[in-house]
Amino acid sequence: MLPHQLIEQRLQQAVKAVLPDADVASVLVRPCPDTRFGDYQTNALMALAKARAMNPRQLASAVVSKLEVGDCCEKVEVAGAGFLNFHLKPAALTQTLESAARGEQLFFAPAPQPRTVVVDFSSPNVAKSMHVGHIRSTILGDCLARTLRLLGHKVITDNHLGDWGTQFGMLLAAWKRGLDSTSLKADPIAEMERLYKKASAECKANPAALEEARQELVKLQRGDEQNLSIWREMIALSRAQFDAIYERLGVKFDYTLGESFYHPRLPPLVQELRAKGIARESEGALAVFFDDIPQLKEHPALVQKSDGAFNYTTTDLATLAHRLETWHPDEIVYVTDARQQLHFQQLFGVFHRWHPQARVKLAHVWFGSILGDDGKPFKTRSGETVKLSDLLDEAEERAFKVVSEKSPELPDARRREIARIIGIGAIKYADLLPNRQSDYVFSWDKLLALNGNTAPYLQYAYARIRSIFRKGNMEQGISTVPRSQSLTTNDQSPVSLHLDTPEEMALAKYLLNFGLVLEAVAQDYRPNFLCNYLYELAGRFTSFYENCPVLKSAAEQRASRLVLCDLTARVLQQGLNVLGIETLEQM
Ligand code: ARG
């Protein structure tokens, strides 16, 4: 067991001994923000004390008196308003590093109680191109799914494609009247967007056009063969485009159940809501009112419009029901932009009325917008929304220029491959690094910089460590799977760690935080914790490497320092992998 897990387990036992009724699931340890005060810290006792009107410092002292962590901690202190600070024993630190060097763990461990988690992300709309807004959902959602999987949870990813709804009435009408087949072949999405724009302008100006679109929609919903087959073609063309982007981003989905999948479920669902008195009629439509939820009092959720049509909320309710029946998840995570907050509050509100017994945790993980230099939503120079594929092309192109300047001697194909990994990685990292709830300004220079908190910087940090092993002629041994086998002294006995300098100590302790950071990412749905951790790790490695000779030091110290190098490289690589970013052995 890793030190932080051991401490957490013993801490929970001690809390139970003092407060038998306490729910200890929230009693967690975190890395100490200021390492002068300790290695791990918990603030959980203050909340427990507050809930019981107890003196927090007294509670903390009582817990310490029941705490048995002598095997891994040299000191536990009550601090501030009732924090507990834990100081790790040096032996516990070196043992953990040595076991990592043997390949037994990499400072994280599978969750003791794995959860089943559905992650609903990306979810673009058919007949429209994926824009930069969808990129954040795709990249964030993929990172959360990877993190949860790495921590041993059962993850189901579902791309909730927008493939149903009123826009298809207009699209069908325009398709039948004015499809340009040549343009459709050349750029299907562009042609469908043209049709949609034309139709929606016509519908605004002309009631007859609106009526025609409505008729086409009704025909589609009734299963008209011609309309169905055009609709299927639109989906197939769109999906081919989406899949090409997912391929470039390395993103995979377990399921792509679009909105249309739930269509047959909608009438009985609304029937049930009505029969149970959850939804009631209001101005011809059917709505759910939330008199008991202050922020939703003014915002009833519509589940059927006055013309009988179902909407986004109705479909999402059916989706929820399907997921519960099929996968029995403990948690469902929805990743969309901030503008959908009200929708998800309403959805969760209706759901809890409908399934009051359900124990599933529902989370809306929302994010802010990407802005241009001018502080307005990111647009192309001519003022159009930026297409995701163009953005990825440009990232690769810019990276290719830099690589070609730095390493003109490399063959073209190799430079292209390096540029792909750097370009895509840079875009992803720029999306993951900011606090997801704040808007961020998109800047090519910033995200591709080799200095600063960027993907290229971290990829470079990784490649630089790997070059140490190449210089030491250990390339082979270290890159094959049980890398640790090569990390032995000459007589093949396992390496023992010597953390003689402050820099070695600081790096070693920071490596141990990797697992706690992953857990925090999964808990708060915030990949920026991991970005900042990796950046700080690279910084600590630099201080270590500048102050502690590795290849030039004597045998035992050399071996010990090489272990630190190798573990840092592995954590960087694993961390970047969780962010969906590839690494290069040489840059
Ligand atoms: N298609 C929607 C959009 O582009 C996002 C869907 C999010 N997922 C969901 N279950 N509502 O805005």
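Numbers at a glance
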quantity	calculated
Selection within the stretch 287-316 - open to solvent by 40 Å² or more (accessible area, probe 1.4 Å), hydrophobic (A, V, I, L, M, F, W, C) and either away from the ligand (no atom under 16 Å from the Cβ) or modelled with pLDDT of 95 or more (or both)	Phe289, Ile293, Leu302
The stretch 245-260 residues that are at positive phi, paired with ones that are at pLDDT 95 or above and open to solvent by 10 Å² or more (accessible area, probe 1.4 Å) (beta carbon under 7 Å, 6 or more apart)	Gly250/Gly580
Residue under evaluation Ser129, criteria (1) open to solvent by less than 10 Å² (accessible area, probe 1.4 Å); (2) within 15 Å of the ligand (Cβ to nearest atom), criterion not met	(1)
Residue that is among the basic types (Lys, Arg), touching a helix residue (DSSP H, G or I) at 6+ places or on another chain (Cβ under 9 Å), open to solvent by 20 Å² or more (accessible area, probe 1.4 Å) and not in a helix (DSSP H, G or I), where the choices are Arg540, Arg526, Arg570	Arg526
Test: Leu342 is without any contact (Cβ under 8 Å) to a residue 24 or more places away in the chain, within 27 Å of Gly133 (Cβ to Cβ) and open to solvent by 30 Å² or more (accessible area, probe 1.4 Å)	no
One residue from Ile230, Ile293, Ile245 being among the β-branched types (Val, Ile, Thr) and over 31 Å from the mean Cα position of the chain (by Cα)	Ile230
Verdict on Asp187 being within 14 Å of the ligand (Cβ to nearest atom) and closer than 30 Å to Lys428 by Cα	no
Among (1) open to solvent by 60 Å² or more (accessible area, probe 1.4 Å); (2) within 16 Å of the ligand (Cβ to nearest atom); (3) under 26 Å from His352 (Cβ atoms), the one test that Gln241 misses	(3)
Some residue of the stretch 157-177 being open to solvent by 40 Å² or more (accessible area, probe 1.4 Å) and over 24 Å from Tyr262 (Cβ atoms)	yes
Restricting the stretch 154-180 to residues that are on the phi < 0 side of the Ramachandran plot and in a loop (DSSP other than H, G, I, E, B), the residue that is nearest to the ligand (Cβ to nearest atom)	His160
Qualifying position, being away from the ligand (no atom under 15 Å from the Cβ), open to solvent by 10 Å² or more (accessible area, probe 1.4 Å), hydrophobic (A, V, I, L, M, F, W, C) and touching a residue at least 12 places away in the same chain (Cβ under 8 Å), among Leu151, Leu106	Leu106
Matching option when the condition is open to solvent by 10 Å² or more (accessible area, probe 1.4 Å), closer than 24 Å to Ile581 by Cβ, within 16 Å of the ligand (Cβ to nearest atom) and of a type in the set (S, T, N, Q), among Ser123, Ser137	Ser123
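The values are calculated or read from the model by the stated rules, or taken from the named source; none is laboratory data. The structure presented is a predicted model; accordingly, all values stated were derived computationally and were not measured. Every residue, glycine as well, gets a Cβ built from its backbone with ideal geometry; the counts of neighbours run over all protein chains shown. The accessibility values were calculated without ligands, DNA or RNA, using every heavy atom of the protein model including side chains. Shrake-Rupley method; radii C 1.70, N 1.55, O 1.52, S 1.80 Å.
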